[in-house]
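Peer 1: Submitted below is the structure of interest, expressed as structure tokens.
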Amino acid sequence: MNVVKYDWQLSEESPFVYDWQQYRSDFSFPGNDMHGDLHLLIMFKGRFQTRIGSSSFDYQGGDLILIAPWEIHGSYTAAAGTELLSITIFCRSLRSGLAALAPQLDALLLLPPEERMQLLRQNACVDSACSHARRLLDSKKVVAMAGEQRLAINGFEFSAAERTFEFIRILELFAVILQNIGFIESNGGKLDWAEHLTAALQLLESGSVVPLSAGRAAAECNLSCGYFNIIFKKLYGISFYTYELKYRLRRAEADLCSGQYSVKEIAQRNGFADTSHFSKTFKKYYFAAPSDYAATADAVK
């Protein structure tokens with residue numbers, strides 16, 4: 001089952017999407033995800049394990065999970081009975097809406113994942129987040145996907161006016177979170193790194209250069225390859241080579257789940273030398289051959 005979304009098509013006109021997740025049985029997803037949007041996950045109950053950057057985290061009911069744009073995350077495991085609400089947000093719209101609080105948001109997102117999660121746990125943010133989610137669930141009909149391990153609302157239906165008001169509520173929620181956390185000293189160096197690397201990440205997202213070498217990515221940022229690799233690993237916790245490979249594998253996984261392409265076509269689309277190389281690499285990270293993974297994904301649709 002393809003539990004992880006990959007492309008929400010978020011924009012300033014459609015700046016957020018909600019995803020309610022309720023797991024009937026134990027579930028795991030071995031892959032990774034990385035994108036320019038921001039995740040806020042609100043845990044209601046159960047247990048949810050994931051990797052963010054190079055660190056593993058174990059969450060329970062009452063926890064908040066905040067994942068920064070382009071931060072690699074994945075290897076999800078959810079225990080039976082886990083319930084959570086995921087809010088995915090177009091970061092530019094969030095920063096614009098928060099106005100004077102935007103630098104505080106930037107400072108929070110640039111903290112190492114361990115420090116960020118510790119701040120969220122130590123401060124009185126959970127009640128506001130859970131109230132936000134409960135109001136949403138009480139006001140919108142839950143649409144169950146019968147027969148699946150996971151029940152989900154893959155984006156609530158909103159009119160244009162409702163969507164505007166709902167985004168204002170999201171802004172209010174983030175304002176409360178930032179107020180409760182208090183002042184965080186900005187790390188100007190990391191902010192500069194993030195801004196320098198944006199061009200490379202946008203090129204990676206475009207899919208116009210596949211595979212994308214570190215040298216080509218560094219050139220897009222007007223940086224030397226050596227310096228690019230140093231700041232990329234310091235900011236995202238892994239080398240660009242590994243990040244880029246996992247990004248292509250994530251796209252390949254989405255292609256497999258779509259059922260639109262053969263394994264050979266997917267290997268070509270995602271920059272692998274041949275089908276054998278793709279299959280071997282995919283199995284290393286997803287613990288299944290591409291053809292077997294595609295068959296399993298098709299069976300649970």
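Peer 1: Starting from the stretch 223-248, take each residue that is touching a residue at least 12 places away in the same chain (Cβ under 8 Å) and farther than 14 Å from Ile72 by Cβ and list its partners that are open to solvent by 30 Å² or more (accessible area, probe 1.4 Å) and of a type in the set (Gly, Ala, Ser), counting only C-beta distances under 7 angstrom and pairs at least six apart or across chains.
Peer 2: Once the first residue is touching a residue at least 12 places away in the same chain (Cβ under 8 Å) and farther than 14 Å from Ile72 by Cβ and sits in the stretch 223-248, its partners that are open to solvent by 30 Å² or more (accessible area, probe 1.4 Å) and of a type in the set (Gly, Ala, Ser) give Asn229/Ser239.
Peer 1: Another one. Is it the case, given these coordinates, that Ile230 is open to solvent by 70 Å² or more (accessible area, probe 1.4 Å), out of contact with any Pro (no Cβ under 9 Å at 6 or more places or on another chain), over 30 Å from Gln122 (Cβ atoms) and of a type in the set (Val, Ile, Thr)? So that I can check it myself, show each step before the final result.
Peer 2: Numbers: open to solvent by 70 Å² or more (accessible area, probe 1.4 Å): yes; out of contact with any Pro (no Cβ under 9 Å at 6 or more places or on another chain): yes; over 30 Å from Gln122 (Cβ atoms): yes; of a type in the set (Val, Ile, Thr): yes.
For Ile230, the condition - open to solvent by 70 Å² or more (accessible area, probe 1.4 Å), out of contact with any Pro (no Cβ under 9 Å at 6 or more places or on another chain), over 30 Å from Gln122 (Cβ atoms) and of a type in the set (Val, Ile, Thr) - is met.
Peer 1: Return the pair list, or none, for Cβ contacts closer than 8 Å from residues in the stretch 100-127 that are more than 12 Å from Phe183 (Cβ to Cβ) and open to solvent by less than 30 Å² (accessible area, probe 1.4 Å) to residues that are in a helix (DSSP H, G or I) and hydroxyl-bearing (Ser, Thr, Tyr), at least 6 apart or on different chains.
Peer 2: As it stands, the answer is Ala102/Ser96, since those pairs meet every condition given.
Peer 1: Ok, one more. Does the stretch 23-42 contain any residue that is in contact with a His (Cβ under 8 Å, 6 or more places away or on another chain), hydrophobic (A, V, I, L, M, F, W, C), open to solvent by less than 30 Å² (accessible area, probe 1.4 Å) and assigned to a strand (DSSP E or B)?
Peer 2: Among the residues of the stretch 23-42, at least one is in contact with a His (Cβ under 8 Å, 6 or more places away or on another chain), hydrophobic (A, V, I, L, M, F, W, C), open to solvent by less than 30 Å² (accessible area, probe 1.4 Å) and assigned to a strand (DSSP E or B), which makes the answer yes.
Peer 1: If you take just the helices (runs of 4 or more DSSP H) that sit entirely in the stretch 203-301, which of them hold at least 2 residues that are over 22 Å from the mean Cα position of the chain (by Cα)?
Peer 2: Values: elements: 214-220, 225-236, 240-258, 263-269, 275-286, 290-299.
Fully inside the stretch 203-301 and qualifying: 214-220, 225-236, 263-269, 275-286, 290-299.
Peer 1: Please find, among Ser258, Ser279, the residue that is of a type in the set (S, T, N, Q), open to solvent by 30 Å² or more (accessible area, probe 1.4 Å) and touching a Pro at 6+ places or on another chain (Cβ under 7 Å).
Peer 2: Ser279
Peer 1: Let me ask another. Is it the case, given these coordinates, that Leu10 is at pLDDT 90 or above and out of contact with any Cys (no Cβ under 8 Å at 6 or more places or on another chain)?
Peer 2: Spelling it out, Leu10 is indeed at pLDDT 90 or above and out of contact with any Cys (no Cβ under 8 Å at 6 or more places or on another chain).
Peer 1: Is it true that Ala288 is under 24 Å from Ser208 (Cα atoms) and small (Gly, Ala, Ser)?
Peer 2: Values: under 24 Å from Ser208 (Cα atoms): no; small (Gly, Ala, Ser): yes.
No: the conditions fail for Ala288.
Peer 1: Taking the stated definitions as given, is Leu64 over 12 Å from the mean Cα position of the chain (by Cα), open to solvent by 20 Å² or more (accessible area, probe 1.4 Å) and farther than 27 Å from Ser239 by Cβ?
Peer 2: It is false that Leu64 is over 12 Å from the mean Cα position of the chain (by Cα), open to solvent by 20 Å² or more (accessible area, probe 1.4 Å) and farther than 27 Å from Ser239 by Cβ.
The values are calculated or read from the model by the stated rules, or taken from the named source; none is laboratory data. Note that the coordinates shown come from a computational prediction; the quantities given were computed from them, not determined experimentally. Quick reminder, even Gly has a Cβ in these numbers, built from the backbone with ideal geometry, and neighbours come from all protein chains shown. Ligands, DNA and RNA are excluded from the accessible area calculation, which covers all protein heavy atoms including side chains. Shrake-Rupley method; radii C 1.70, N 1.55, O 1.52, S 1.80 Å.
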